[in-house]
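Participant: My questions will all concern the structure given below.
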Amino acid sequence: MVDHPIPSFVGIDVSRDHLDIALRPAGDAWRVARDEAGIAGLVLQLRALAPAGVVLEATGGLEAPVVAALAAGGVPVAVVNPRQARDFAKATGQLAKTDALDARMLAHFAEAIRPRLRPLPDAAQQQLAALVARRRQVGEMLVAEQQRLRRARPAVRARLAAHIAWLEAELRDLDGDVAAAIQASPAWRARDDLLQSVPGVGPVLSRTLRADLPELGQLDRKQIATLVGVAPLARDSGRLRGRRGIWGGRAEVRRVRYMATLTAMRDNPTIRAFDERLVAAGKPPTAALGACMHKLLHILDAIVRSGQPWRAPAPA
């Protein structure tokens, strides 16, 4: 009888200065610095170990250089939503929270859940994601400063106005950089054209989907809806039957698509007719809006999958 090696799973907890690593089922644990030397050494260690999967939490960008180095080194890696990891920790009885314990929990998560290992976005996509994220930050600052200007005293109004003008110029520059990044790639340009062929979808949603939802067109309907956070989730327990709700997922994609759906409910004949049917059937407006968001996502997913642009439905 041939002995098959037991697969190993690795959890990595990322903090600003160091990385805590845990290995299952062996139980080994160690720490390295989160710098170039520490990350390079970790890649060599894990390549020699050849784990079945490595799991990290999304930590606002701190994990990015680690994930990039692991993926470039051929180490299978997945980045998971912190809420999902925390729910798993609670379900397994791990209530305490330290860096070392979190690494052990992530290794356990990798072993038990086996999250899908998606390929790391290439350098060009990472550049686009960074530009889109920066555009979002500048847009939020612009809105905040405009609100402050309405309430500002005369002594600071000129300074606020100057900063607003700068932010507006920066936003225009970022829009140009994002457009240039998309136009530089024939594949990106084709997807951008496909998405914007749908009434209600403009450049902001198209670019956000391209940067923050690269899985569009690659997963089934339920998976993509859950990934974005628009799949209605049950809240039932025993005899209690709660309302289904949508939560979690990629909030920025959901927020931008929320605004696009409002436009589509007015300009897109398919979404408009769908909304009218739901309202006529007695659906509350908020529930109808959620269903329209879901339907728009399915339309966009189908268009990317098929490579065919939007076609208006034939008149009945």
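The values are calculated or read from the model by the stated rules, or taken from the named source; none is laboratory data. From a predicted model like this one, the values you see are computed outputs, not experimental measurements. No Cβ is skipped: glycine too gets one built from the backbone with ideal geometry, and neighbour counts run over all protein chains shown.
Participant: Between a residue in the stretch 146-173 that is modelled with pLDDT of 95 or more and any residue that is of a type in the set (Asp, Glu), which pairs come within a Cβ distance under 8 Å, given they are 6 or more apart or on different chains?
Facilitator: Qualifying pairs under 8 Å: LEU160/GLU145; HIS163/GLU145; ILE164/GLU145; LEU167/GLU145.
Participant: Hey, could you check the stretch 104-132 for residues that are touching a helix residue (DSSP H, G or I) at 6+ places or on another chain (Cβ under 8 Å) and small (Gly, Ala, Ser) and say which is modelled with the lowest pLDDT?
Facilitator: Residues of the stretch 104-132 that are touching a helix residue (DSSP H, G or I) at 6+ places or on another chain (Cβ under 8 Å), as a first pass: 105-106, 108-109, 112-113, 115, 119-121, 124-129, 131-132.
Okay, now just the ones that are also small (Gly, Ala, Ser), so 112, 124, 129.
Working: ALA112: 93, ALA124: 77, ALA129: 80.
For the stretch 104-132, the residue satisfying everything is ALA124.
Participant: Out of ARG24, ARG31, ARG47, report the one residue that is touching an Asp or Glu at 6+ places or on another chain (Cβ under 8 Å), farther than 28 Å from LEU227 by Cβ and of a type in the set (D, E, K, R).
Facilitator: None of the others qualify; the one that does is ARG31.
Participant: What are the residue pairs meeting all of these: first residue in the stretch 267-288, first residue more than 20 Å from TRP310 (Cβ to Cβ), second residue among the polar types (S, T, N, Q) and surrounded by 15 or more Cβ atoms within 10 Å (Cβ to Cβ), Cβ atoms under 8 Å, and 6 or more apart or on different chains?
Facilitator: As it stands, the answer is none, since no pair meets every condition given.
Participant: Moving on to the next point. Condition test on ARG254, is it in a helix (DSSP H, G or I), modelled with pLDDT under 80 and basic (Lys, Arg)?
Facilitator: So ARG254 passes the test.
Participant: Can you pull out the helices (runs of 4 or more DSSP H) entirely within the stretch 75-178 that have at least 3 residues that are polar (S, T, N, Q) and surrounded by 12 or more Cβ atoms within 10 Å (Cβ to Cβ)?
Facilitator: 123-151
Participant: Inside the stretch 32-71, can you point out the residues that are part of a strand (DSSP E or B) and either within 23 Å of ILE113 (Cβ to Cβ) or touching a residue at least 24 places away in the same chain (Cβ under 8 Å) (or both)?
Facilitator: GLY53, VAL54, VAL55, LEU56, GLU57
Participant: Going through ASP35, ASP13, ASP28, ASP20 one at a time, which residue ends up being more than 17 Å from ALA107 (Cβ to Cβ) and of a type outside the set (A, V, I, L, M, F, W, C)?
Facilitator: ASP35
Participant: May I pose another question? Residues that are closer than 23 Å to ALA211 by Cβ and either under 27 Å from the mean Cα position of the chain (by Cα) or at pLDDT below 90 (or both): does the stretch 278-294 have at least one?
Facilitator: For the stretch 278-294, residues closer than 23 Å to ALA211 by Cβ and either under 27 Å from the mean Cα position of the chain (by Cα) or at pLDDT below 90 (or both): present.
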